[in-house]
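Enquirer: Before I ask anything, here is the structure I am working with.
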Amino acid sequence: MRTKSNKLAKLERNRTSILTEQEDVCFLCGKLKDDTHEIFGGACRVASMKHGFCVPLCRSCHERVTNNEDASKVLKRLCQAKFEKTHTRDEFMDIIGKNYLGW
């Protein structure tokens, strides 16, 4: 198992959300937060942490979003729409590489 670099560990500790200021409650149901979910995972996980594309979730909501593509797409669309209120679509595409809003 690979060990995390200091840079990655610091990013994980300092994750924020552009979707909510309430970092201690689940974004979806309002229960206490168990996890912080990177909305764009995989190759875009670090970009999600750098740009605030994360949300606090309780364990059950985190499992639902992780295992349900429709729920995941809803968060991705919300995140892109919020980002594009202060940035351009081209900036989002440079970061994530895909348009989730479909227009």
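Enquirer: In the stretch 12-42, which residue that is part of a helix (DSSP H, G or I) and open to solvent by 40 Å² or more (accessible area, probe 1.4 Å) is nearest to GLU69 (Cα to Cα)?
Expert: Step by step, filter the stretch 12-42, then rank; the result is GLY42.
Enquirer: Please list, ordered by first then second residue, the pairs with beta carbon atoms under 6 Å, 6 or more apart or interchain, first in the stretch 32-55 and under 12 Å from CYS79 (Cβ atoms) and modelled with pLDDT of 95 or more, second polar (S, T, N, Q) and not in a helix (DSSP H, G or I).
Expert: Hits for this filter: GLY52/THR16; GLY52/SER17; CYS54/SER17; CYS54/THR36; VAL55/SER17.
Enquirer: Another question about this same structure. With in a helix (DSSP H, G or I), hydroxyl-bearing (Ser, Thr, Tyr) and surrounded by fewer than 17 Cβ atoms within 10 Å (Cβ to Cβ) as the only criterion, which of SER72, SER48, SER60 stands out?
Expert: Just a single option satisfies the conditions, and that option is SER60.
Enquirer: Still on this structure, I have one more. Residues being surrounded by 12 or more Cβ atoms within 10 Å (Cβ to Cβ) and either aromatic (Phe, Trp, Tyr) or part of a helix (DSSP H, G or I) (or both): count how many of those fall in the stretch 75-103.
Expert: Qualifying residue count for the region: 16.
The values are calculated or read from the model by the stated rules, or taken from the named source; none is laboratory data. Bear in mind the structure is a predicted one, so any value in this text is a computation, not a measurement. Every residue, glycine as well, gets a Cβ built from its backbone with ideal geometry; the counts of neighbours run over all protein chains shown. The accessibility values were calculated without ligands, DNA or RNA, using every heavy atom of the protein model including side chains. Shrake-Rupley method; radii C 1.70, N 1.55, O 1.52, S 1.80 Å.
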